[in-house]
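Each reported figure results from applying straightforward, stated rules to the coordinates on display, with no laboratory input. Note that this is a predicted model, so its numbers are computed, not measured. FYI the Cβ positions are ideal-geometry reconstructions off the backbone, even for glycines, and counts take in every protein chain you see.
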Amino acid sequence: QAAQVSPDDISLGFLVRAKGVVPGSTAPLEFLHITFQCFFAAFYLALSADVPPALLRHLFNCGRPGNSPMARLLPTMCIQASEGKDSSVAALLQKAEPHNLQITAAFLAGLLSREHWGLLAECQTSEKALLRRQACARWCLARSLRKHFHSIPPAAPGEAKSVHAMP
């Protein structure tokens, strides 16, 4: 009820009742699959007015957020809830799987691409904010590629050609 989810919303099939529930309490809702959760988190990050574009760097770093500003990025609904008492956004992000953050970053990069510019521009009230998010994502991705290429070891002596796979 706090999330204002109606039975009609549940009937769409994206949300299901969680299986591990304490007897006597109502079953919390969770996304049918983690990729839905990551997509909607990325969609929130792309369009939310309360997310400064500079904070997107923390998502693309995909490290453990700790006390970083990343804790303010995602709403509680976008991170899987834990069974513990501490369910603050910061605590949930500390327990978030780095792989899930990487999936969210990939979705965000796709949403901010030129291909989807028109769709996002229709949803976004501020074109400047969308441009700043897009520029930040582009900068983070370019930086990541540079770091990757600099980490590739040089070819072994006497080796004519060397092929390296992207991680």
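Tabulated results
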{"quantity": "Segments 135-146, 25-36 sorted - mean Cβ within 10 Å per residue, highest first", "calculated": "135-146, 25-36"}
{"quantity": "Region 135-151 - phi-based ³J(HN,Hα) in whole Hz, Karplus 6.51/-1.76/1.60, Gly and Pro as x", "calculated": "5, 5, 4, 4, 5, 5, 5, 5, 4, 4, 5, 4, 4, 5, 5, 6, 7"}
